[in-house]
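The values are calculated or read from the model by the stated rules, or taken from the named source; none is laboratory data. Note that the structure is a prediction, hence the values are computed from the model and not measured. All Cβ positions, glycine included, derive from the backbone under ideal geometry; neighbour counts span all protein chains shown. Side chains included, ligands, DNA and RNA excluded: accessible areas come from the protein's heavy atoms. Shrake-Rupley method; radii C 1.70, N 1.55, O 1.52, S 1.80 Å.
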Amino acid sequence: MMDFILLILMRGVVAALPLILASQGQILTEKSGILNLGVEGNMALGALGAFMGSLWGGPVLGLVMAMVFSASASLVHAGITIGLRANQTVSGLAIAMLGTGLSKLLGKPYIGKAISTTLPAWVFMILGLVVTLGLWYFLTRTRTGLKVRICGENPIAAESNGTNVAATRAGATLVGGAIMGLAGAFVAMSYQTSWNDEMIGGRGWLVVALAIFALWKPWRALLSSFLFAMVFVLQYVLQPLGIPSNLLGMLPYGGTLVFMVIYGLVNDQRKMAAPAALGNAYRRGER
Amino acid sequence: MLNLKLEPRHHHGTGFALGVTIGSMAAGIVVIGLLFLLIGQDPFFALARIFRGSFGSVYSLGETLTKAIPLLLVAVGLIVPFAGKFWNIGAESQILMGALAACTAGLTFLKDLPGPVAIPLMLLLGFLAGGLWALIPAVLKIRLGINEVISTLMLNYMAAEFVTFLVLGPLRGKTQLGQGVTDNLPSQMQLWTIPGTRIHLLTLVLGLIAALAVFFLLKHSKLGYEIRVIGENREAARYAGIDFMKVTLVMMMISGGLAGLAGVGELTGIHGKLASPTTSLTAGYGFTAIIVAWLARLNPWGVIVSSFFFAGIIVGGDAIQISLKLPVATVSVMNGILLLCLIAGDFFLQYRITRKPS
C-alpha cells in the first residue's frame, strides 16, 4: 500500500515538472504586466527545440535550443504587445496557435524518432527548484526584481522613477519565455522517448490557470503545480476501477476548473493578487 | 534619435481601416511565403496551389462556401461577446454541444417525425444546447471572477472527452461497424444541399440572417449599447448601473446558441452522424472563427467576407496537404501568422507617426 502511494506521489512529481518550470516563466512575464496566453505555443516550440538540439548535439544543445525557440515566440509577443501596443489577449492566443502549429509542422520529419541521450527526470527536478528559488529571490530581494514588479503594478510610477518600462517588460517576457522553453524541453527530452504530435497536450493552458491560482508567487506555483499534476495522475489511478477513460480524461480540465472555483470563492472578487497593470498596454508619457 | 514620434490617432475612416487590414493580410501572406521557403517549398507554387485549391474551380468555390457556413455562424456569434470584451474561446465545444443535442434527439424522440418538423426542432435544440453550455463560463466569470479564457478552454476539452465517451459508449451505433460512431440520422434529417455541391443552404441563410440580427442588436438596441459600453469602458458601465450578469448571460447565450446552430448544420448537412474524434465535426471552426471575427473587426458584414476568406485557407490548406504532403498543422500556422500580422497592423489604426519638430 505504502509502495503504491509512493509510486503515485513520484508520478505526480514528475508530471508536475513541466508545470513548475512553465509557471515560473509565466509568473515572471505577468508580474511585469504582460498578459501571456501563449504558453502552450512557448512550450511546444521549446519541446521542438529540445528535440532537434538533442538530436544534433546532445542534451546541452537541446536545452539551449529549447530556450531559444521558446524565447523567440516570446520575442514576437513582446514586440507586438509592447512595441506595437496590440491587444495582449489576442496576441497570446495567436502565439499559442502559431507555436503549436509550427511545432507540428517543423516536427513532422521527427515523428516516431527517438533521442538517444534522454535526460533523467532529476535534472529537471533540480532545475525546477533552482528556478523557483531564483525567481523568488529575484522578485523579492533584488532591485531589478522590484522594478519588474512595479512595472506590473503601476507603470507610470515606475517610469517616473527612471525605469524603462518597455525594456523591463520585454526582458521579463523574454526570460520568462526561455524558462517556459525548459518545460517543453522536459516533455521532449525526459518525459517521452520519441517525438509525437500532441506533446504538450493542453498543459500550457493549465499553466495560465496555475499562475493565477498561485497568486503569481513562485513557491505557491511550485506547490500548486504538484496539486494540478496529482489530478493528472489521478486519471491513471482510477482507471483500474473501470471508469471509462474518456470520462477520466475530463479530470485534469475539470480539476483545473474546480481549483479556479475555489480560488474565486476564497479570494476577493477584485483579485487583489493580480498585478494591477496586467494586460494594459503602456505608453511612455501617457496618463 | 529618429526624429519620429508617435501620436495617438483619434479617429480613422473605414476606408483607412480597410486599407490597413488589407495591408496586414498582404504582409501576412509574405511571411507565409517566407515560411514555405524555410521548409523547402517553393512559396509561389505553394501559394498558387492554395489559391487554386480554394477558388480555382466551381467545385473548389463550392467547397469553400460550404466551409464558410459554420465559420459565418460562429463568427457572427462571437462578435457579440467580443464586443463586450468577453473572450469566448469555447465556441468549439458550443458547436459540439449543439450537434450532440440534435443528434441525440434525432436518433431518439424525433426519429419518426418528417423532415420539415424534425429539422427546425433540431436547430432549436442545438441553439439551446450551445447557448446553455456557454452560460457556464458566463456565470463563473460574473460570480467568481474566473478568467473566461481558461474556463471556456477547459470546457472545450471536457466536452470533447465527454462526447467521445458517449460516442464510444451509450451512443455507439448499432448499425455501424466502426468503433466510435453513432448510427446515421434518418434520411429525412439531412439538409438539402445545392446539387453538385455540399452547400447546405438553410444554414447559410440562417448565417446571413444572424449577421443582420447581430448588426441590429449591436448598433440599434439597448442591449447592444450596454454590451459595447462594457467592452469599451468597464468603469463607465459600472457607474451607469449596467447589469453585468444579465448582459453577460445574454451575450453568451447568443454566441453559444449560434455556434450550436453551426454544429447542427454540420451534423445534418455534412456528416449525418457523430463520430470520434470530435474534431471530425468541429474541425477547429471554433478557433478559426475567432480570427474571422477579429479580421472583420467585429463587423457582421465584414464577417461574411472574412469567413469566406478563411474557408478558402482551410480548403486551400487541404489542397496543399495532399499535393505537397504538408501536415494539417500548416493551416494553424498560416492562421496564426495572419492573426499576428493583423493585430500588429492595428498599430497604425491607433497611432500615427509624425516628425518631431527639431
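For a protection proxy built on the mean count of beta-carbon atoms within 10 angstrom, sort B:256-265, A:75-84, A:189-198, A:254-263 highest first, please.
Details: B:256-265: 32.7, A:75-84: 21.4, A:189-198: 16.5, A:254-263: 18.5.
Per-residue Cβ counts within 10 Å, averaged per peptide and sorted highest first, yield B:256-265, A:75-84, A:254-263, A:189-198.
Can you pull the mean other chain C-beta count within 10 Å for peptide A:202-212?
Working: counts 4, 0, 0, 7, 4, 0, 4, 7, 1, 0, 4.
Shielding by partners across A:202-212 averages 3.
Add -39500 (n - 2.57) for each DSSP H run of 4 or more in the protein assembly as shown, then divide by its residues: what number comes out at 222 nm, to the nearest 500 deg cm²/dmol?
One gets -24000 deg cm²/dmol as the mean residue ellipticity at 222 nm.
Which of the three applies to segment A:136-287, rounded, prolate or oblate, going by the alpha-carbon gyration tensor with a ≥ b ≥ c and a/c under 1.5 meaning rounded?
prolate
Dividing the alpha-carbon Rg of segment B:273-320 by 2.2 N^0.38 Å yields what?
Details: Rg = 12.3 Å, N = 48, 2.2 N^0.38 = 9.6 Å.
Cα Rg divided by the expected 2.2 N^0.38 Å: 1.28.
Please report, in whole Å³, the volume per residue of the convex hull around the C-alpha atoms of segment B:43-91.
That works out to 100 Å³ per residue.
Please compute, for peptide A:104-115, the average count of beta-carbon atoms on other protein chains lying within 10 Å of each residue's beta-carbon. Don't skip to the answer; put the middle values down first.
Working: counts 6, 12, 6, 2, 6, 1, 0, 1, 0, 0, 0, 0.
Average per residue, whole number: 3.
Convex hull volume of the Cα atoms in segment B:177-290, per residue, in Å³? Kindly include the intermediate steps, with their values, before the conclusion.
Values: hull volume 15.9 nm³, N = 114.
Hull volume over Cα atoms, normalised by residue count, gives 139 Å³.
Taking just the alpha-carbon atoms of segment A:12-55, what radius of gyration and Dmax come out, in angstrom?
12.0, 37
Quick one: Cα convex hull volume of chain B, Å³ per residue?
Spelled out: Cα convex hull of chain B, divided by residues, is 169 Å³.
Amide H neighbours of B:R352 under 5 Å, at least 5 residues apart or on other chains, H built in the peptide plane: list them.
Close amide H contacts, sequence-distant or interchain: B:E7, B:R9.
Mind ranking A:36-45, A:118-127, A:221-230, A:239-248 by how tightly packed they are, going by the mean number of other C-beta atoms within 10 angstrom, highest first? Walk me through the numbers on the way to the answer.
Details: A:36-45: 33.0, A:118-127: 16.4, A:221-230: 21.9, A:239-248: 12.9.
Averaged packing, sorted descending, gives the order A:36-45, A:221-230, A:118-127, A:239-248.
What does the highest-first list of B:58-65, B:138-145 look like by mean Cβ count within 10 Å?
Peptide ranking by packing, descending: B:138-145, B:58-65.
What lysines does B:K246 reach when the alpha-carbon gap must be under 19 Å and sequence neighbours fewer than 8 apart in one chain are set aside?
Straight-distance partners of B:K246: B:K85, B:K141, B:K219, B:K222.
Over the alpha-carbon set of segment B:15-54, work out the extent along each principal axis and list the three values in angstrom, largest first.
So the three principal-axis extents are 37, 22, 10 Å.
With every protein chain kept in place and ligands, DNA and RNA left out, what is the accessible area per residue of segment A:169-279? Probe 1.4 Å, answer in Å².
38
Over the C-alpha atoms of segment B:111-181, what are the Rg and the largest Cα-to-Cα span, Dmax, in Å?
Here Rg and the maximum Cα pair distance are 16.3, 46 Å.
FRET efficiency for B:F16 and A:E198, Cβ-Cβ distance as r, R0 = 51 Å, nearest 0.05?
According to the calculation, E is roughly 0.75.
What share of all Cα pairs of segment A:88-216, in percent, falls into each consecutive 5 Å distance bin?
For segment A:88-216, the pair-distance distribution reads 2, 8, 14, 19, 18, 15, 11, 7, 4, 2, 0.
Setting aside same-chain residues fewer than 8 positions from B:K325, which lysines have a Cα under 22 Å from its Cα?
Excluding near neighbours in sequence, the set is A:K104, A:K108, A:K113, B:K67.
Take every residue in peptide A:81-89, count the Cβ atoms of other chains within 10 Å of its Cβ, and give the average of those counts. Let's see the in-between values first.
Details: counts 2, 0, 2, 8, 6, 8, 4, 1, 6.
Going residue by residue through A:81-89 and averaging, the value is 4.
Running Debye on the protein assembly as shown with equal point scatterers at the Cα sites and no solvent, what base-10 log of I(q)/I(0) appears at q = 0.05, 0.08, 0.10 Å⁻¹?
-0.22, -0.58, -0.94
Hull surface divided by four, with the convex hull built on the Cα atoms of segment B:163-222: how many nm²?
7.2
In nm, to one decimal, how far is the B:L34 label point from the B:K246 one, both placed 7 Å along Cα→Cβ?
Going by the 7 Å Cα→Cβ label model, 5.1 nm.
Can you compute the radius of gyration and Dmax for segment B:95-253, using only the Cα atoms, both in Å?
Expressed in Å, the Cα Rg and Dmax of segment B:95-253 come to 19.3, 60.
Could you please state how large a percent of the accessible area of segment B:17-146 is carbon and sulfur, counting protein chains only and using a 1.4 Å probe? Mind showing how you got there, number by number?
Working: 3900 of 5000 Å².
The nonpolar share, carbon plus sulfur, comes to 78 percent.
Quick one: which bits of segment B:310-341 get at least 50 Å² less accessible when the partner protein chains are in, versus the chain alone, with a 1.4 Å probe?
B:P327, B:V333, B:L340
How big is the C-alpha Rg of segment B:1-113 next to the rule-of-thumb value 2.2 N^0.38 Å, as a ratio?
1.62
Report B:V205's accessible area, 1.4 Å probe, all protein chains in place, as a number in Å² to the nearest 10.
That residue has around 70 Å² of solvent-accessible surface.
Leaving out ligands and nucleic acids, note down the accessible area per residue over segment B:21-165 with a 1.4 angstrom probe, in whole Å².
On the way: 5220 Å² over 145 residues.
Each residue of segment B:21-165 exposes 36 Å² on average to a 1.4 Å probe.
For B:I39, what accessible area in Å² do you get when you roll a 1.4 Å probe over the heavy atoms of the protein chains, rounding to the nearest 10?
For B:I39, solvent-accessible area is about 50 Å².
Just the ratio, please: alpha-carbon radius of gyration of chain A over 2.2 N^0.38 Å, N its number of residues.
Dividing the Cα Rg of chain A by 2.2 N^0.38 Å gives 0.99.
Could you compute how much accessible area chains A and B hide from each other, both sides summed, with a 1.4 Å probe? Nearest 100 Å² is fine.
Working: alone 13590 and 17260 Å², together 26820 Å².
The contact between B and A buries close to 4000 Å².
Modelling each spin label as a point 7 Å along the Cα-to-Cβ direction, I'd like the B:I209/B:W301 distance in nm, to one decimal.
So the label points at B:I209 and B:W301 sit 2.2 nm apart.
Can you send over the solvent-accessible area of B:L217, 1.4 Å probe, protein chains only, in Å² to the nearest 10?
B:L217 has an accessible surface of roughly 30 Å² with all protein chains in place.
Count the DSSP beta bridges whose two residues both fall in the protein assembly as shown, then state the antiparallel fraction as a percent rounded to the nearest 5.
Details: 8 of 9 bridges.
If we restrict to bridges inside the protein assembly as shown, about 90 percent are antiparallel.
Quick one: Debye curve from the alpha-carbon atoms of segment A:1-158 only, equal weights, vacuum; give me log10 I(q)/I(0) at q = 0.10, 0.15 Å⁻¹ to two decimals.
With no solvent term, the Cα-only Debye profile gives -0.44, -0.93.
Express in whole angstrom the spacing between the alpha-carbon centres of segment B:12-84 and segment B:286-326.
Cα centroid of segment B:12-84 versus Cα centroid of segment B:286-326: 5 Å apart.
Let me see the pair-distance distribution of segment B:248-358: every alpha carbon pair, 5 Å bin width, integer percents in order.
Bin by bin from 0 Å, the calculated values are 2, 9, 15, 19, 18, 15, 9, 4, 3, 2, 1, 1, 0, 0.
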